[in-house]
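First up is the structure itself, then whatever we jot down about it.
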Amino acid sequence: MINIVTIGGGTGHSQILEGIKEIGGIKITAICPSTDSGGSTGILQEKYDGSGYTGDLTKCVAALCKDKVLTKALTFRYEDGPLDSHSVKNLLFHALEKVSNLEIALKTLWTVAGINPHRVLPITNKKTELCARLSIGSTIVGETNIDTIAKNPLWNPNIHSISDIYLKPKVSVSKLAVAAIKESDYIIISPGDLYSSIIPVLLPKGMKEEIKKSSATIILILNIMTKKGETDNYTASDFIKIIEERLGRRVNYIVGNNARISPKALLQYSLESKVEFDSLDTTKDNRMILAPLAVVTKTNQIYTSPTIIRRVIKNILMC
């Protein structure tokens, strides 16, 4: 059995899980951030003392679930009335935590979704907030405020770029996450928002140290597009450099997109100041694997193909 740990938050992480769960002979442990403060998770936190990992964690559980009807039910989101913006998976996990504890709630959710032997874990079970220090010296507190910084009409990427990201208060990585890293043969860093989804998983005390001394092979899957407010003017090299600084070691494989994206989709993203990440020159970095990762929907949304990811990861496992 090959032990794989996946890291990240949001849609990018769930797309990776959806792809690799069909690979035989592997055990997946997905590790999610614990600092979500927006949407349904934010409401459950504010009004019902909920957890900052609810949304990302349950999204990953749903992605690993093989029952398509159950997946649709878990991800069903109410659009009006008193349950407006809440998904079934978030409400279920919140209730499970309230009537038991985190460990029991996790195991029960895994059983309901039928994802064993796979697991989904929060990076920490301690309450903390994500904070960003901007290049002008000011600080933004809260994941949702960092995620939406570019919506401020006064925001300017040349003035308000993120210079540092940290947790307040400082918290330690969970024992379960540490054990998963120790047992891992491969660590996959999923595509996602650099400062509000990926790095938050690397911030708790002890996480960087465990990864640094791990013998696991690290695979970094690059984002396809930049994120307004977080990675404006970033090149793929910039992205990789920051990830490696946070890891404390070099990654072994870098997976990037070489699929052509339609001009219409690129134009739609450009209106939001989002552009395609440049592709690294494979002659300069032999760690680079290019594949047609990008899939464009009928509404011109761009996402990472689970099918292509499955193929790429299977090829790496066979090396």
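Nothing in this text is a laboratory measurement; each read-out follows from the coordinates by a stated rule. As the structure is a prediction and not an experimental result, all values here were calculated from the model. Cβ placement follows ideal geometry from the backbone for every residue including glycine, while neighbour counts extend to all protein chains displayed.
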Taking springs between alpha-carbon atoms closer than 10 angstrom, which of V295, V251, V99 fluctuates most in the Gaussian network model of the chain? V99
In a Gaussian network model of the chain with springs linking alpha carbons closer than 10 Å, the residue among E22, E143, E129 that fluctuates most is E22
Most exposed to least, judged by fewest other Cβ atoms within 10 Å, M207, M288 sort to M288, M207
Is the C-alpha gyration tensor of region 35-121 telling us rounded, prolate or oblate? Criteria: a/c under 1.5 is rounded; beyond that, a/b larger than b/c is prolate, otherwise oblate. oblate
Rg and Dmax of region 66-204 over Cα atoms: what are they, in angstrom? 18.0, 49
Using a basic spin-label model with each label point 7 Å from the Cα along Cα→Cβ, how many nm lie between K151 and N286? 4.7 nm
Out of L176, L64, L222, a Gaussian network model of the chain with alpha-carbon springs under 10 Å gives the largest mean-square fluctuation to L176
Area projected by the alpha carbon convex hull of region 234-319, averaged over all directions, nm²: 6.6 nm²
What's the extension gain from L267 to K68 if we count 0.36 nm per residue and subtract their Cα-Cα distance? 68.3 nm
Quick one: Karplus J couplings for region 50-66, per residue in order, coefficients 6.51, -1.76, 1.60, θ = phi - 60°, nearest Hz, x for Gly and Pro? x, 9, x, 10, 4, x, 5, 5, 5, 5, 5, 4, 4, 5, 7, 5, 8
Take A259 and A95, extend 7 Å from each Cα along the Cα→Cβ direction, and tell me the distance between the two endpoints in nm. 3.7 nm
Evaluated at q = 0.31 Å⁻¹: base-10 log I(q)/I(0), Debye formula over Cα of region 2-53: -1.12
Assign unit charges at the C-beta atoms only (+1 for Lys and Arg, -1 for Asp and Glu), then state the dipole size of the chain relative to its Cα centre in Debye, rounded to the nearest 20. 700 debye
Just report the Cα centroid separation between region 1-39 and region 212-267, whole Å. 17 Å
Given contacts defined as C-alpha pairs under 8 Å and at least six residues apart, what's the relative contact order of region 35-121, whole-number percent? 29 percent
With label points built 7 Å along Cα→Cβ from the Cα atoms of V112 and D49, find their separation and express it in nm. 2.0 nm
If you split all Cα-Cα distances of region 135-263 into 10 Å bins from zero, what percentages do you get per bin, shortest first? 11, 39, 34, 14, 2
Give the residue from L92, T108, V141 lying farthest towards the positive end of the charge dipole for the chain; charges sit on Cβ (+1 for Lys and Arg, -1 for Asp and Glu) and the dipole is referred to the Cα centre. T108
With θ set to phi - 60° and the Karplus curve 6.51 cos²θ - 1.76 cosθ + 1.60, what are the ³J(HN,Hα) couplings of region 168-181 in order, to the nearest whole Hz, using x for Gly and Pro? 9, x, 5, 9, 9, 5, 5, 5, 5, 5, 4, 4, 5, 5
I want the antiparallel fraction of DSSP beta bridges within the chain, as a percent rounded to 5. 35 percent
Of the DSSP beta bridges with both residues in region 88-233, give the percent that are antiparallel, rounding to the nearest 5. 65 percent
For Kirkwood radius over Cα pairs in Å, several values are listed as (i) 21.4; (ii) 19.9; (iii) 23.3; flag the one computed from this structure. (ii)
